Amino acid sequence: MIFFQLHWFLRTCLLATVSIVALVLSFALLPSVEAKPVCLRIALPETAAGPVGPEAYRAVMRDAGLCVDPVPMPNARAFMALRHNQVDGVFAMLEDFEQSLKMRVIRGNTLVGNPDGILVIKDDGPRGVSELTNEEIGIWLGASWSEKLLGTYDHVVRVPGGPGMMREMLVKGRLDGMLLNSFSLEVVGGAPEGFVQIPVTKLEVYSWLRAEHASQMEKFDVGTALYLEKIIAWHNRAS
């Protein structure tokens, strides 16, 4: 009798265990309807703030059907972050970005901007890059177009803090001039008193994604276009 009860108990336990394991496996094999979409980490210029800041960018990309996690950072850091797989794309880089990066990235089809490259210089100073002699000229660290434009010019100060820091250095007399794009100059308040802004080149700017995210480019382009509309609307209200 005792042997029969023990056998029945062990058999019941074994059946219960098998049932539980089967139930767990069945749930594990079901497709996850609650799975969250993968969010692309996109480097956004640190000058983008307020109505055209990270939350605005996140919202328009969501409207385009794409989840993004915008990460404000300087150009130089965005360059290295993409190279080291810390971000999945960048909002705004020049057309020759892929050549400088030396890795496979996909350029968006939406022209982000065609701003002027601006030389901000003292109002009684040189009137172009070719006239520079010994003036200390600030450039945004990582801005390849500025490096190319200045060539072998010796008096270059590479500023990691971007346009805001360069403008502050001008006001405090630590720089004689700076090179930056016209949009960034406008965002930081334009040329300080006693300085003039001189267009010296034209720039083509696009958004970029790592090659493995090429399938998301169509949505990315739509979101980029929506974000540009928001920037233009903000600019029109501000002017």
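Summary table below
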read-out: Scan of segment 137-187 for residues that are surrounded by fewer than 16 Cβ atoms within 10 Å (Cβ to Cβ) and of a type in the set (Lys, Arg), ordered by number; value: Lys148, Arg158, Lys172, Arg174
read-out: Some residue of segment 213-221 being basic (Lys, Arg), loosely packed, with under 13 Cβ neighbours inside 10 Å and either out of contact with any Lys or Arg (no Cβ under 8 Å at 6 or more places or on another chain) or at pLDDT 95 or above (or both); value: no
read-out: Scan of segment 78-96 for residues that are out of contact with any Ser or Thr (no Cβ under 8 Å at 6 or more places or on another chain) and either open to solvent by less than 10 Å² (accessible area, probe 1.4 Å) or over 25 Å from Val200 (Cα atoms) (or both), ordered by number; value: Ala78, Met80, Ala81, Leu82, Arg83, His84, Asn85, Gln86, Val87, Asp88
read-out: Any hit, segment 66-75, residues being within 18 Å of Lys230 (Cβ to Cβ) and modelled with pLDDT under 95; value: yes
read-out: Top-ranked residue of segment 86-108 - restricted to ones that are among the polar types (S, T, N, Q) and touching a residue at least 40 places away in the same chain (Cβ under 8 Å), ranked as nearest to Glu212 (Cα to Cα); value: Gln86
read-out: Yes/no for Val129 being open to solvent by 30 Å² or more (accessible area, probe 1.4 Å) and either modelled with pLDDT of 95 or more or in contact with a His (Cβ under 6 Å, 6 or more places away or on another chain) (or both); value: yes
read-out: Single match in Gly108, Gly142 (criterion: within 17 Å of the chain's Cα centre (by Cα), outside any loop (DSSP other than H, G, I, E, B) and of a type outside the set (Lys, Arg)); value: Gly108
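The values are calculated or read from the model by the stated rules, or taken from the named source; none is laboratory data. Just so you know, these numbers come straight off a predicted model, no measurement behind them. Note that we place each Cβ from the backbone using ideal geometry, even for glycine, and neighbour counts take in every protein chain shown. Note: accessible area is taken over every heavy atom of the protein model, side chains too, but ligands, DNA and RNA are not part of it. Shrake-Rupley method; radii C 1.70, N 1.55, O 1.52, S 1.80 Å.
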